[in-house]
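Down below is the structure, laid out as structure tokens.
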Amino acid sequence: MNRSPRFSYEGLTPDCVLNALESVGIHGDGRLLALNSYENRVYMIGVEGAPSTVVKFYRPERWREAAILEEHAFAEELAGNEIPVVSPLRLNGRSLHEYDGYRFAVYPMQGGRAPELDDRVTRQWLGRFIGRIHAVGAKQAFQHRTTLDIHEFGEASLECLLSGNFLPLDLETPYRRAAEEALEGVRTCFKQAGEVKAIRLHGDCHAGNVLWTDSGPHFVDFDDCMQGSAIQDLWMLLSGSREEMEEQLGDILAGYTQFADFDSRERHLLEGLRTLRMMHYAAWLARRWEDPAFPLAFPWFNTQNYWQSRIQELREQAILMNEPPLRV
């Protein structure tokens, strides 16, 4: 993933968005609402005589076309197995389109609320559907998507931050030491887990990517789908004390294992994967800093306090990774 070119979305005006939809036969009625997305640009569009639709414009130069098409094919495969995911619409026989140099996909509008993760029934329900997703995901492997590993998400993230001069000079050495110590902990976590199976995953399965209705959950935003261990799609639903997370994970697995096997060795990966996500997130902000939207949305990035907090987090993670895995 290369650093985005400056002003990569400069030409994506409201007229461009509406004209892109017109090019695939959808006639907007002039209503356009930008939705909360920084990696891509996502809009809800009012449509003449029809329900509103959602259009996602992919960040230029982030993914090859083959990788985007794999994302779409995975979502369509899940939907074809009656799993409640929001997959792109096929218009004129295609799910991926291009207009004025921008690649985009169109989705049905899906409403919903955040899941109540403090409710045991909700956690079991989510576990069942993630189990169904993984049962399909295990049938074959991605060929063009990212693989969740220590190098891509940890070592490369550290190198990005150090080489890009994003850290204050007085905090560069403390951050490097904390990150290197944390990475040693991650390597230990992976070694303890052993050779666990890698499957196709949602990849970013936090509560914000689950829309809840009276019929249950709908999973959205497969933009970060990847190849990795099953627990990657489970741990982001956990929070609180160790005892609380053990109870939450037990509930999720009670539903999950009705549809997919869970290798208990993957519990060793949980804090290691959390550490990799922390490091990758900081590097993600750095890699996107030339996009004008990022300094406006994340003004606290690159401040002394931000990096001091990241150093403390990594030190805490190094301690947590030395503890036994959660019991279920």
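FYI, it's all coordinate maths here, none of it is from the lab. Remember, predicted model here, so these are calculated numbers, not experimental data. Here Cβ is always computed from backbone atoms with ideal geometry, including for glycine, and neighbour counts include all displayed protein chains.
Counting other Cβ atoms within 10 Å of each Cβ, which chymotrypsin sites (Phe, Trp or Tyr not before Pro) in the range 33-99 have at most 14 and sit in a DSSP loop?
Filter output for the range 33-99: empty list.
Could you run the Karplus curve 6.51 cos²θ - 1.76 cosθ + 1.60 with θ = phi - 60° over the range 270-286 and give me ³J(HN,Hα) per residue in whole Hz, x for Gly and Pro?
Ordered by residue, 3J(HN,Hα) equals 4, 6, x, 5, 4, 4, 4, 5, 4, 5, 5, 5, 4, 5, 4, 4, 5 Hz.
Give, in nm to one decimal, the length gained when the segment between Ser309 and Asn19 is fully stretched (0.36 nm per residue of separation minus the Cα-Cα distance).
Net length gain for the segment: 100.0 nm.
Dipole magnitude of the range 120-320 about its Cα centre, charges +1 at Lys/Arg Cβ and -1 at Asp/Glu Cβ only, in debye to the nearest 20?
For this selection, approximately 360 debye.
Rounded to the nearest 500 deg cm²/dmol, what is the calculated helix-only ellipticity per residue at 222 nm for the chain, with -39500 (n - 2.57) per DSSP H run of length n ≥ 4?
The helix contribution divided over the chain gives -13500 deg cm²/dmol.
Would you kindly derive the ³J(HN,Hα) couplings of the range 76-92 from the backbone phi angles with the Karplus curve 6.51 cos²θ - 1.76 cosθ + 1.60 (θ = phi - 60°), listing them in order in whole Hz, with x for Gly and Pro?
5, 5, 5, 4, x, 9, 6, 9, x, 10, 9, 9, x, 6, 8, 10, 6
Is the range 14-108 best put as rounded, prolate or oblate by its Cα gyration tensor, with a ≥ b ≥ c the root eigenvalues, rounded for a/c under 1.5, and otherwise prolate when a/b is larger than b/c, oblate when not?
It is oblate, given that a/c is not under 1.5 and a/b is not larger than b/c.
Against the 2.2 N^0.38 Å scaling, with N counting residues, where does the chain land? I'd like the Cα-based Rg ratio to two decimal places.
The reported ratio for this selection is 1.03.
Per-residue HN-Hα couplings for the range 22-33, Karplus 6.51 cos²θ - 1.76 cosθ + 1.60 at θ = phi - 60°, whole Hz, x for Gly and Pro?
4, 5, 10, x, 10, 9, x, 9, x, 7, 9, 10
With point charges of +1 on the Cβ of Lys and Arg and -1 on the Cβ of Asp and Glu, referenced to the Cα centre of the range 14-108, which listed residue (Tyr38, Ala75, Gly49) lies farthest in the positive direction of the dipole?
Result: Tyr38.
Taking amide hydrogens as modeled 1.01 Å from N in the peptide plane, which residues meet the under 5 Å criterion relative to Leu32, leaving out close sequence neighbours?
Long-range HN contacts for Leu32: Gly46.
Work out how much length Glu159 to Arg327 would gain on full extension: take 0.36 nm times their residue separation and subtract the Cα-Cα distance, in nm to one decimal.
Full extension from Glu159 to Arg327 adds 57.0 nm.
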